[in-house]
Amino acid sequence: QAEGMPEVGKGTLTTHVLNTASGLPAAGLVVRLAQLQEPGTQWKELAQRHTDADGRCQPLLAPGQAKAGTYKLHFETAEYWQGLGHTSFYPFVEVVFIITDPAQKLHVPLLISPYSYTTYRGS
Amino acid sequence: MAFHSVFLVFLAGLALCSEAAPLNLLDAKHPLYVRVVDSVRGSPASNVPVKLYKEAAGGAWELLNSKQTNEKGGLPELTTKEQFVAGLYKLELDTASYWKSLGLNPFHDHADVVFTANDAGNRHYNIVVVLSPFSYSTTAVVSEPVE
């Protein structure tokens, strides 16, 4: 799945954002990771990145940093579309997921078009 | 004469097909129509709890309604034309409960869809969400401003 990428250690979290309208990676898109501070409803921001020309960024969690819990990836998609001169339906996209095994390498890509998005757990 | 009969039959057939269509895009009766589909079973995703929030002054989310998708995976009446004023909205779908009720442990805690509505007049919004235990996709079909 991560063709061309150097070997990353266990327990990291990566993403990949693709613009399905253009068939190109979404570059320069801001991504933020937060963790739910259970048992409450507060989120703690852990990392901020922006995607490179390949639509990827440095891992959002360092090896060993991941713990079991609920996490949120926030993608600044409207800002990205505006930069291309497009309007889009969503001001941002948030993906809320559960880490059950902190040792597992997690890849959470996002496919975007102005009126749609898809996200999945990849490898 | 024959041509007119054929044409009328064709129109009637079209009307019948659109009534029976599993996905009525641009539903004209409801300003916000949510449809949820289970892509593993190729079926509607029924009884998915969905909450509709509107951003209130100060940035907090105000809960407007809380309902479950029907047996066709549809939620036609989450809001009304009167309630659905211009603003920022959030749909929160409790997809984890759906998968757990089928004995599966899903990746996502829930699926959020955040969007601005009606900032250029009243439109009709069809939000489709396609689910699987490790993935979801959402698409919006938005009409031109109506009346």
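The values are calculated or read from the model by the stated rules, or taken from the named source; none is laboratory data. Predicted model, so just to flag it, every value in this text is computed and none were measured. For neighbour counting, all protein chains shown are included, and Cβ atoms are generated from backbone atoms with ideal geometry for every residue, glycine included.
Do we have B:K90 as farther than 26 Å from A:I98 by Cβ and either without any contact (Cβ under 8 Å) to a residue 60 or more places away in the chain or not aliphatic (A, V, I, L, M) (or both) here?
Considered against the rule, which asks whether it is farther than 26 Å from A:I98 by Cβ and either without any contact (Cβ under 8 Å) to a residue 60 or more places away in the chain or not aliphatic (A, V, I, L, M) (or both), B:K90 comes out as no.
For residues that are aliphatic (A, V, I, L, M) and at the interface with chain A (Cβ under 8 Å from one of its Cβ atoms), scanning just the range B:112-128, find the one that is farthest from A:T100 (Cα to Cα).
Result: B:V114.
Could you tell me which of the residues A:G40, A:G28 is without any contact (Cβ under 8 Å) to a residue 24 or more places away in the chain and either within 11 Å of the chain's Cα centre (by Cα) or outside any strand (DSSP E or B) (or both)?
Just one listed residue meets the conditions, A:G40.
Just name the residue that is modelled with the lowest pLDDT out of those in the range A:84-95 that are within 11 Å of another protein chain (Cβ to nearest Cβ) and surrounded by fewer than 21 Cβ atoms within 10 Å (Cβ to Cβ).
Taking the candidates together, the pick is A:T87.
Tell me, which residue of the range B:129-147 that is out of contact with any helix residue (DSSP H, G or I) (no Cβ under 6 Å at 6 or more places or on another chain) and more than 9 Å from every other protein chain (Cβ to nearest Cβ) is farthest from B:A45 (Cα to Cα)?
Going through the qualifying residues, I end up with B:E147.
Scanning for something more than 13 Å from chain A (Cβ to nearest Cβ), surrounded by fewer than 16 Cβ atoms within 10 Å (Cβ to Cβ), of a type outside the set (D, E, K, R) and more than 18 Å from B:K51 (Cβ to Cβ), does the range B:102-110 turn up at least one residue?
For the range B:102-110, residues more than 13 Å from chain A (Cβ to nearest Cβ), surrounded by fewer than 16 Cβ atoms within 10 Å (Cβ to Cβ), of a type outside the set (D, E, K, R) and more than 18 Å from B:K51 (Cβ to Cβ): present.
Filter the range A:31-77 down to the residues that are modelled with pLDDT of 95 or more and among the basic types (K, R) and list them by number.
If the condition is that a residue be modelled with pLDDT of 95 or more and among the basic types (K, R), then A:R32, A:K44, A:R49, A:R56, A:K72 are the ones that fit.
Which one of these does B:V40 not meet: (1) over 23 Å from B:A120 (Cα atoms); (2) buried (at least 17 other Cβ atoms within 10 Å of the Cβ)?
Unmet for B:V40, out of (1) over 23 Å from B:A120 (Cα atoms); (2) buried (at least 17 other Cβ atoms within 10 Å of the Cβ): (2).
Can you name the residue in the range B:79-93 that is more than 10 Å from every other protein chain (Cβ to nearest Cβ) and crowded, with 18+ Cβ neighbours inside 10 Å and is also farthest from B:V142 (Cα to Cα) among such residues?
Across the range B:79-93, the extreme among qualifying residues is B:L93.
Would you mention how many residues in the range A:64-105 are farther than 22 Å from B:L93 by Cα, touching a strand residue (DSSP E or B) at 6+ places or on another chain (Cβ under 9 Å), charged (D, E, K, R) and part of a loop (DSSP other than H, G, I, E, B)?
Number satisfying all stated conditions: 2.
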